[in-house]
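Quick notes on the structure that follows.
The values are calculated or read from the model by the stated rules, or taken from the named source; none is laboratory data. These numbers were taken from a predicted model, which means no experiment stands behind them. Cβ atoms come from the backbone with ideal geometry, glycine included; neighbour counts cover every protein chain shown. These area figures cover heavy atoms from the full protein model, side chains too; ligands, DNA and RNA do not enter into them. Shrake-Rupley method; radii C 1.70, N 1.55, O 1.52, S 1.80 Å.
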Amino acid sequence: MAALTPSEIWPVFGLRVRTPRVELRPVDPDLVFDVANLAAEGIHDPASMPFNTPWTRAESPELERNALQHSWGRRAALTRDDWSLPFVVWVDGEALGVQDVFAKKFAVRRTVETGSWLVRRAHGRGIGTEMRAAVLHFAFAGLGAEEALSGSFADNPASAAVSRHNGYEANGEEIHEREGEPARMQRWVLTRAKWTPSRRDDITIDGLDACLPLLGWPGAS
């Protein structure tokens, strides 16, 4: 009996989402160290904190180790009822960040949430908007999601602009604890009905069918 390939054992590794500008590939065992080093390169202005958990405050090599443990932990914990798919964002053959999509009880709720980061040298080039568009296509066209949720702190206008550009609507506010201080979080929602009229025909998904059993859903038509 021939040995199975990594993608046959863990089909998620074979997923690809492509637009004319970016390619999303899951964080596999080879890429996980690249992601850790990317994170250490610098994601945001040290004077700001775009994340609920201030993981980027750690010094090297603790930051890289934390990134590794987070990636390994999320992969190991993946179930049909609680999954996360972090994709490495590739532009012109270079890895520049991570676009995550995650869900709980997706087969029932048909709702996903997203989170992402890019190295600072990739900011301001429209990549954040494009990689969000790619993962939304994966969620709506690929998985048959009914809504996508996101959130951004009030002092992170770039993230809010990405959500607005992709058609999200404001969906209330929350006060979070961030580094020991209160911080206002704007919630965003994009429904299938709002996404469909602007659905793009230049985004492709490869390797999805084999992943559907892992994600607890038979897919979209």
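Being of a type in the set (D, E, K, R), touching a residue at least 40 places away in the same chain (Cβ under 8 Å) and touching a strand residue (DSSP E or B) at 6+ places or on another chain (Cβ under 9 Å) is the requirement here; does residue 41 meet it? Write out each step before concluding.
Details: of a type in the set (D, E, K, R): yes; touching a residue at least 40 places away in the same chain (Cβ under 8 Å): yes; touching a strand residue (DSSP E or B) at 6+ places or on another chain (Cβ under 9 Å): no.
Against the criterion (of a type in the set (D, E, K, R), touching a residue at least 40 places away in the same chain (Cβ under 8 Å) and touching a strand residue (DSSP E or B) at 6+ places or on another chain (Cβ under 9 Å)), residue 41 does not qualify.
Quick one: would you say residue 139 is modelled with pLDDT of 95 or more and either over 26 Å from residue 197 (Cα atoms) or among the β-branched types (Val, Ile, Thr) (or both)? Spell out how you get there, then give the answer.
Details: modelled with pLDDT of 95 or more: yes; either over 26 Å from residue 197 (Cα atoms) or among the β-branched types (Val, Ile, Thr) (or both): no.
In short, no.
Which of the residues spanning the range 16-30 are in contact with a Ser or Thr (Cβ under 9 Å, 6 or more places away or on another chain) and of a type in the set (A, V, I, L, M, F, W, C)?
Matches in the range 16-30: 17, 27.
Take the conditions among the aliphatic types (A, V, I, L, M), within 21 Å of residue 20 (Cβ to Cβ), touching a helix residue (DSSP H, G or I) at 6+ places or on another chain (Cβ under 9 Å) and open to solvent by less than 70 Å² (accessible area, probe 1.4 Å) and apply them to residue 107. Does it pass?
Criteria not met by residue 107.
Within the range 14-32, work out how many residues are in contact with a helix residue (DSSP H, G or I) (Cβ under 6 Å, 6 or more places away or on another chain) and assigned to a strand (DSSP E or B).
Of the residues in the range 14-32, 3 are in contact with a helix residue (DSSP H, G or I) (Cβ under 6 Å, 6 or more places away or on another chain) and assigned to a strand (DSSP E or B).
Of the conditions (1) free of Cβ contacts under 8 Å to residues at least 12 places away in the same chain; (2) in contact with a strand residue (DSSP E or B) (Cβ under 7 Å, 6 or more places away or on another chain), residue 151 clears all except one; give me its number.
So residue 151 meets the others, but not (1).
Taking the criterion of being touching a residue at least 12 places away in the same chain (Cβ under 8 Å), part of a loop (DSSP other than H, G, I, E, B) and not aromatic (Phe, Trp, Tyr), would at least one residue in the range 82-99 satisfy it?
Initial filter on the range 82-99 (touching a residue at least 12 places away in the same chain (Cβ under 8 Å)): 82-91, 95-99.
Those left that are additionally part of a loop (DSSP other than H, G, I, E, B): none.
No, because not a single residue in the range 82-99 is touching a residue at least 12 places away in the same chain (Cβ under 8 Å), part of a loop (DSSP other than H, G, I, E, B) and not aromatic (Phe, Trp, Tyr).
Run down 161, 145 and say which single residue is at pLDDT 95 or above, surrounded by 17 or more Cβ atoms within 10 Å (Cβ to Cβ), among the small types (Gly, Ala, Ser) and under 19 Å from the mean Cα position of the chain (by Cα). Step through it out loud before you land on a result.
Details: 161 fails: surrounded by 17 or more Cβ atoms within 10 Å (Cβ to Cβ).
Step by step, each of 161, 145 is checked, and only 145 is at pLDDT 95 or above, surrounded by 17 or more Cβ atoms within 10 Å (Cβ to Cβ), among the small types (Gly, Ala, Ser) and under 19 Å from the mean Cα position of the chain (by Cα).
Anything in the range 33-73 that is at pLDDT below 90, open to solvent by 40 Å² or more (accessible area, probe 1.4 Å) and part of a helix (DSSP H, G or I)? List them, or say none.
55, 66, 70
Could you say whether any residue in the range 203-210 is of a type in the set (A, V, I, L, M), open to solvent by less than 10 Å² (accessible area, probe 1.4 Å) and closer than 24 Å to residue 106 by Cα? Step through it out loud before you land on a result.
Here is the first cut: in the range 203-210, the ones of a type in the set (A, V, I, L, M) are 203, 205, 208, 210.
Pick out the ones that are also open to solvent by less than 10 Å² (accessible area, probe 1.4 Å) and you get none.
No, the conditions are met nowhere in the range 203-210.
Considering only the range 164-178, state which residues are open to solvent by 30 Å² or more (accessible area, probe 1.4 Å) and either under 15 Å from the mean Cα position of the chain (by Cα) or at positive phi (or both). Before you say what the answer is, go through the steps one by one.
Here is the first cut: in the range 164-178, the ones open to solvent by 30 Å² or more (accessible area, probe 1.4 Å) are 164-165, 169-178.
Once the filter is applied, which keeps residues that are open to solvent by 30 Å² or more (accessible area, probe 1.4 Å) and either under 15 Å from the mean Cα position of the chain (by Cα) or at positive phi (or both), the range 164-178 yields only 172.
Any idea how many residues of the range 110-126 are assigned to a loop (DSSP other than H, G, I, E, B) and open to solvent by 30 Å² or more (accessible area, probe 1.4 Å)? Reasoning before the result, please.
So the first thing to find is which residues in the range 110-126 are assigned to a loop (DSSP other than H, G, I, E, B), and the list is 110, 119, 123-126.
From the residues that got through so far, the ones that are open to solvent by 30 Å² or more (accessible area, probe 1.4 Å) too are 110, 123-126.
The total comes to 5.
Assess whether residue 198 counts as being open to solvent by 70 Å² or more (accessible area, probe 1.4 Å) and either of a type in the set (S, T, N, Q) or under 26 Å from residue 119 (Cβ atoms) (or both).
Details: open to solvent by 70 Å² or more (accessible area, probe 1.4 Å): yes; either of a type in the set (S, T, N, Q) or under 26 Å from residue 119 (Cβ atoms) (or both): yes.
Yes.
Can you pull out every residue in the range 74-103 that is among the small types (Gly, Ala, Ser), buried (at least 17 other Cβ atoms within 10 Å of the Cβ) and over 20 Å from residue 151 (Cα atoms)?
Here is the first cut: in the range 74-103, the residues among the small types (Gly, Ala, Ser) are 76-77, 84, 93, 95, 97, 103.
Remaining after also requiring buried (at least 17 other Cβ atoms within 10 Å of the Cβ): 84, 95, 97, 103.
Passing the criteria: only 95.
Which count do you get for residues in the range 21-68 that are over 24 Å from residue 150 (Cα atoms) and not aliphatic (A, V, I, L, M)?
Total meeting the criteria: 13.
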